[in-house]
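J.: Quick one: the structure is below, questions incoming.
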Number of protein chains: 2
Amino acid sequence: MSCHKLTVPPPKIVDREFVKPLLCGPGPSDVWPSVAQALTKPILSPICDELFKASDDIRAGLQYVFQTRSNLVLALSGSGHTGMETIISNLVGPGETLLIASRGIWDQRAFIMANRYGIKTETVTIPMDMTFTPAQLEPALKKYRPTALFITHGDSSTGTVQNLEGLGDLCHKYGTLLLVDTVVSLVAVPFFMDEWGVDAVYTSTQKAFSGPAGISPVAFSARAEQKIKTRKHDPPFYFDIKLLAQQWNCYGNTRAYHHTISPPLFWALRCCLQEISKETLPATWARHAASTAYFHKRLRENTFGFLIPKPEDRLATVTTVVLPKGYDYLEFVKYMRAKHNILIFAGLGPTAGKALRVGIMGVNSTIKVVDAVVDAMVDTLVALKKSSL
Amino acid sequence: MSCHKLTVPPPKIVDREFVKPLLCGPGPSDVWPSVAQALTKPILSPICDELFKASDDIRAGLQYVFQTRSNLVLALSGSGHTGMETIISNLVGPGETLLIASRGIWDQRAFIMANRYGIKTETVTIPMDMTFTPAQLEPALKKYRPTALFITHGDSSTGTVQNLEGLGDLCHKYGTLLLVDTVVSLVAVPFFMDEWGVDAVYTSTQKAFSGPAGISPVAFSARAEQKIKTRKHDPPFYFDIKLLAQQWNCYGNTRAYHHTISPPLFWALRCCLQEISKETLPATWARHAASTAYFHKRLRENTFGFLIPKPEDRLATVTTVVLPKGYDYLEFVKYMRAKHNILIFAGLGPTAGKALRVGIMGVNSTIKVVDAVVDAMVDTLVALKKSSL
């Protein structure tokens with residue numbers, strides 16, 4: 001091999017200093033202090049007893065945060081999008097119908113994904129600043145008798161939270177599975193998988209979990225499991241829940257190797273679940289509700305508006321904030337980072353140019369962070385006044 | 001929401017102490033000391049300037065380790081298996097033919113994956129302790145004129161390294177793309193993507209890179225890029241290189257959001273590339289060659305055998321070691337962990353019950369580690385003699 005010459009020289013990869021901003025966008029959010037330690041736990045083989053035991057801890061923690069007694073609970077080795085693609089490709093076969101409840105950008109992603117698998121898609125659309133009533137969904141369920149309904153619980157593009165109570169029963173009446181995205185809601189907002197009849201749900205670690213992205217919890221009901229067992233199609237290998245259930249020992253009898261799980265992310269997720277279990281769900285829900293109520297009160301006092309008209313539709317984690325007339329949203333976001341080193345986002349998809357997206361969640365769901373963010377927003381409002389009006 | 005009661009109580013997740021073993025299996029391997037610091041760099045949004053610049057660093061580092069001037073170079077957010085599934089699903093459409101050069105377990109995985117996409121598969125199989133000659137592959141290339149040939153460079157299940165020189169030209173003669181798995185070979189063994197006419201290649205970070213699993217480098221030639229541009233099928237959303245190229249700014253004009261990249265893994269990969277660029281490829285290749293030559297010399301001196309008959313077929317990273325008659329492979333592996341806290345593996349797939357798999361790679365590719373491993377193996381040979389013979 002010595003006859004070969006390198007044609008591409010080694011690059012000079014130089015470290016650049018930066019001061020971490022306060023992460024108050026729709027995600028990722030800041031992480032638990034304990035996560036740093038978890039990330040640097042020793043690397044182990046995925047087929048060691050130590051990781052087997054830790055994976056049992058993770059599954060118990062996930063049953064708690066999803067509030068489910070289902071055994072088919074595990075974490076995918078990928079971003080939140082793998083959760084979406086996994087539940088769709090495992091549960092809906094080519095030629096079958098997926099009904100999509102559309103009010104933001106993530107349901108559009110579900111639409112794009114489903115079409116790639118030859119799944120028939122039907123959509124019920126409402127204005128992006130609203131949430132669904134059962135009466136808006138029932139006619140389509142009745143008409144299409146879809147294999148599944150896809151709906152987001154929290155929507156980070158619009159800042160709404162969907163009431164899911166009763167939706168499971170409604171879906172099951174028409175033989176439809178209920179698939180729910182809780183990426184930006186779980187742990188911050190009450191969610192009861194079993195009680196609400198949710199058949200498949202996924203979330204991600206970089207929002208209210210306050211962990212790093214890259215490992216995505218997912219859970220399936222007995223109904224969904226039955227569909228997986230009897231389906232006639234195969235999803236992509238990497239997303240196949242049949243195989244992943246064996247790796248994660250969901251049935252207590254296998255530890256079959258499927259792929260190499262990332263140890264740092266594995267330990268980090270376990271650490272987040274440890275923190276959440278210690279705080280308890282009722283306490284974290286109450287903390288998010290209190291911080292957000294205080295945040296909204298301070299926004300109102302300072303001439304900021306809300307994109308979402310009904311207070312009960314507003315998401316506890318991500319608030320879509322309307323600026324007074326004449327302000328430019330991207331300029332506002334840039335100034336917040338440049339002057340205050342606070343990262344907030346402008347609108348996305350249907351809310352682009354119409355709102356800021358400010359995230360108060362996870363470890364940042366505190367009165368102190370809310371005050372820092374609102375004080376900076378008020379300063380930015382003053383600073384940009386002349387240039388914009 | 002206060003009317004709901006928790007039906008699943010919080011689990012008690014208790015930390016367990018363990019002493020990290022020396023990782024000398026076929027992967028994962030031990031990591032660079034600098035990786036721990038990289039993993040705990042501050043979390044940032046995937047659409048921050050800081051991450052954009054770091055992603056350019058990563059792409060430059062990947063062009064170096066793959067030895068390619070192609071722009072279509074990036075890292076997937078998943079395990080090495082996403083590399084396999086991504087190159088197959090992006091480059092071979094349903095109804096098209098994938099020819100698989102089969103000599104281990106990973107090409108069997110490629111076979112399973114391809115079938116899930118409706119791809120026609122054809123296989124050329126040789127004994128698992130051999131590697132391919134061009135003459136063994138040409139008849140099938142000629143007969144099937146496949147869209148692509150899949151072959152592994154290093155095979156961690158058998159401990160062989162495939163000579164790839166000339167294979168690109170041979171494939172291109174028949175209009176076939178050359179797809180190569182370098183999961184367990186890259187950085188340890190010379191590899192020249194452009195010079196060898198490789199059209200798609202992937203690797204992983206937890207082998208000779210000495211990083212954590214979960215982010216998988218991939219690169220495509222101009223030929224492969226042309227196929228991606230003109231193909232009539234769509235791969236899964238998460239694996240779509242067309243979209244990922246926009247996120248990774250492969251063409252210098254987009255930073256389009258596709259999914260949330262995991263910041264700890266992102267920084268860890270960058271750190272590995274920094275270390276490899278500093279050491280330089282010729283130096284790391286020479287280090288692996290020297291450690292392995294010394295390892296094999298010590299094995300021969302101590303009555304161990306080699307599963308792979310031809311020395312030139314033996315992989316520098318993973319050696320398949322044959323024990324004297326009467327020893328049980330699983331018992332040997334267990335004793336090595338229990339007594340010496342060294343993790344080695346038994347055979348897998350075609351080598352199960354026939355060999356140990358010992359990995360000397362990445363930061364562990366040193367004379368010191370080789371001595372520790374062989375000394376422990378010799379002790380194990382003695383200790384288990386009475387019970388086994």
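J.: Note down the net charge around A:Lys20, summing +1 for each Lys or Arg and -1 for each Asp or Glu among other residues with Cβ under 10 Å from its Cβ.
T.: Neighbourhood net charge equals -1.
J.: To make sure I understand the rule: partners must be aspartates and glutamates, Cα under 14 Å from the Cα of B:Lys20, and not fewer than 8 residues away in the same chain. Which ones qualify?
T.: Within the straight-line cut-off, B:Lys20 pairs with A:Asp49, A:Glu50, B:Asp30.
J.: How well do other chains shield peptide B:34-44, expressed as the mean number of their Cβ atoms within 10 Å of each residue Cβ?
T.: 6
J.: On alpha-carbon atoms, Rg over Rh for region B:186-327 using Kirkwood Rh?
T.: Radius of gyration over Kirkwood radius for region B:186-327 works out to 1.07.
J.: I need the trypsin sites (Lys or Arg not before Pro) found in region B:1-93, filtered to DSSP loop residues with at most 10 other beta carbons within 10 Å of theirs.
T.: Passing sites in region B:1-93 are B:Lys5, B:Lys12, B:Arg16.
J.: Still on this structure: Among the aspartates and glutamates, which fall within straight-line cross-link reach of A:Lys173, defined as a Cα-Cα distance under 20 Å, with same-chain neighbours fewer than 8 residues apart omitted?
T.: A:Glu96, A:Glu122, A:Glu138, A:Glu165, A:Asp194, A:Glu195, A:Asp199, A:Glu225
J.: What number in nm² do you get for the protein assembly as shown if you take the convex hull of its Cα atoms and divide its surface by four?
T.: With the hull built on Cα positions only, its mean projection is 32.1 nm².
J.: Per-residue ellipticity at 222 nm for the protein assembly as shown, helices alone: DSSP H runs ≥ 4 residues times -39500 (n - 2.57), over residue total, nearest 500 deg cm²/dmol?
T.: -12000 deg cm²/dmol
J.: Sorted by accessible area (1.4 Å probe), largest first, how do B:Thr320, B:Thr125 line up?
T.: B:Thr125, B:Thr320
J.: Specify whether the C-alpha gyration tensor of region B:261-329 places it in the rounded, prolate or oblate class, a ≥ b ≥ c being the square roots of the eigenvalues: rounded for a/c under 1.5, otherwise prolate if a/b is larger than b/c and oblate if not.
T.: Because a/c hits 1.5 or more and a/b exceeds b/c, region B:261-329 counts as prolate.
J.: If you count only protein heavy atoms with a 1.4 Å probe, what accessible area per residue comes out for chain B, rounded to a whole Å²?
T.: Accessible surface, normalised per residue, equals 35 Å².
J.: Now, a different point. With every protein chain left in place and a probe of 1.4 Å, what is the accessible surface of B:Glu279, to the nearest 10 Å²?
T.: Ignoring ligands and nucleic acids, B:Glu279 comes out at about 50 Å².
J.: Let me ask something else. Return the carbon/sulfur percentage of the accessible area of the protein assembly as shown, one whole number, probe 1.4 Å, all protein chains in place.
T.: Taking all protein chains in place, the protein assembly as shown shows 56 percent carbon and sulfur surface.
J.: Relative to the other copies, what are the label-point distances for B:Asp379, with labels 7 Å from Cα along the C-beta vector, expressed in nm at one decimal and sorted shortest first?
T.: 6.0
J.: Tell me which trypsin sites (Lys or Arg not before Pro) from region B:184-241 have a DSSP coil assignment and no more than 16 other beta carbons within 10 Å of their own.
T.: Sparse-neighbourhood loop trypsin sites (Lys or Arg not before Pro): B:Arg231, B:Lys232.
J.: Give, in nm to one decimal, the length gained when the segment between B:Thr280 and B:Ala222 is fully stretched (0.36 nm per residue of separation minus the Cα-Cα distance).
T.: 18.3 nm is the gain from fully extending B:Thr280 to B:Ala222.
J.: Would region A:168-245 count as rounded, prolate or oblate if I go by the C-alpha gyration tensor, calling it rounded below 1.5 in a/c and otherwise prolate when a/b exceeds b/c, oblate otherwise?
T.: oblate
J.: If you bin every alpha carbon distance in region B:49-129 into 10 Å steps from zero, what whole percent lands in each bin?
T.: 16, 35, 30, 16, 3, 0
J.: While we're on this one: Put the label 7 Å from Cα along Cα→Cβ for B:Lys229; what are its distances to the other copies, in nanometres, shortest first?
T.: With the label placed 7 Å along Cα→Cβ, B:Lys229 yields 5.0 nm.
J.: Just to be sure I understand the model, the point goes 7 Å from the Cα along the line to the Cβ. What's the resulting A:Lys143 to B:Asn341 distance in nm?
T.: For A:Lys143 paired with B:Asn341, the spin-label model returns 6.6 nm.
J.: Please give the net charge around A:Asp199, taking every other residue with its beta carbon less than 11 angstrom from that of A:Asp199, where Lys and Arg add +1 and Asp and Glu add -1.
T.: 0
J.: Quickly work out the B:Thr303-to-B:Lys242 label distance, labels modelled 7 Å from Cα along the C-beta direction, and quote it in nm with one decimal.
T.: Each label point is offset 7 Å from its Cα along the Cβ direction, giving 6.2 nm.
J.: Just to be sure I understand: if you take the accessible area of chain A alone plus chain B alone and subtract the pair, with a 1.4 Å probe, what total do you get in Å², rounded to 100?
T.: Between A and B, the summed buried area is about 7500 Å².
J.: Normalising by the residue count of chain B, find the relative contact order in percent from Cα pairs under 8 Å and 6+ residues apart.
T.: Normalised by residue count, the contact order of chain B is 24 percent.
J.: While we're looking at this one, here's another question. Springs between alpha-carbon pairs under 10 angstrom, Gaussian network model over chain B: which of B:Ala376, B:Ala268, B:Ala256 fluctuates most?
T.: Looking only at B:Ala376, B:Ala268, B:Ala256, the biggest GNM fluctuation is shown by B:Ala256.
J.: At 1.4 Å probe size, with no ligands or nucleic acids counted, give the accessible surface of B:Asp371 in Å², nearest ten.
T.: Using a 1.4 Å probe on the heavy atoms, I get roughly 40 Å².
J.: Next question, about the same structure. Treating only the Cβ atoms of Lys and Arg (+1) and Asp and Glu (-1) as charged, compute the dipole magnitude of chain B about its Cα centre; round to the nearest 20 debye.
T.: For chain B, the charge dipole is close to 620 debye.
J.: 7 Å along Cα→Cβ for the label point: how many nanometres lie between A:Thr280 and each equivalent label in the other copies, listed shortest first?
T.: Result, one decimal in nm: 6.3.
J.: I need the semi-axes of the equivalent ellipsoid of region B:33-278: take the C-alpha gyration tensor, multiply each eigenvalue by 5, square-root it, list largest first in whole angstrom.
T.: Semi-axis lengths for region B:33-278 are 30, 20, 15 Å.
J.: Along the Cα-to-C-beta direction of B:Lys5, a point sits 7 Å from the Cα; which residues of region A:187-224 have their amide N less than 15 Å from that point?
T.: A:195
J.: A further question on this structure: Using +1 on the beta carbon of Lys and Arg, -1 on that of Asp and Glu, and nothing else charged, what's the dipole of the protein assembly as shown about the Cα centre, debye to 20?
T.: I would put it at about 300 debye.
J.: Taking the alpha-carbon centroid of each part, what is the distance from region A:244-315 to region B:132-204 in angstrom?
T.: Going from one Cα centre to the other spans 44 Å.
J.: Now a separate question. Pairs to check: A:Lys354/A:Lys385; A:Lys310/A:Lys354; A:Lys325/A:Lys354; A:Lys207/A:Lys227; B:Lys297/B:Lys339; A:Lys334/A:Lys368. Give those whose C-alpha atoms are more than 20 Å from each other in this structure.
T.: Flagged as over cut-off: A:Lys207/A:Lys227; B:Lys297/B:Lys339; A:Lys334/A:Lys368.
The values are calculated or read from the model by the stated rules, or taken from the named source; none is laboratory data. Every value quoted in this text rests on a predicted model; they were computed, and no experiment measured them. We place every Cβ from the backbone using ideal geometry, glycine too, and count neighbours over all the protein chains shown. Just so you know, the surface numbers come from the protein's heavy atoms only, side chains and all, with ligands and any DNA or RNA stripped out. Shrake-Rupley method; radii C 1.70, N 1.55, O 1.52, S 1.80 Å.
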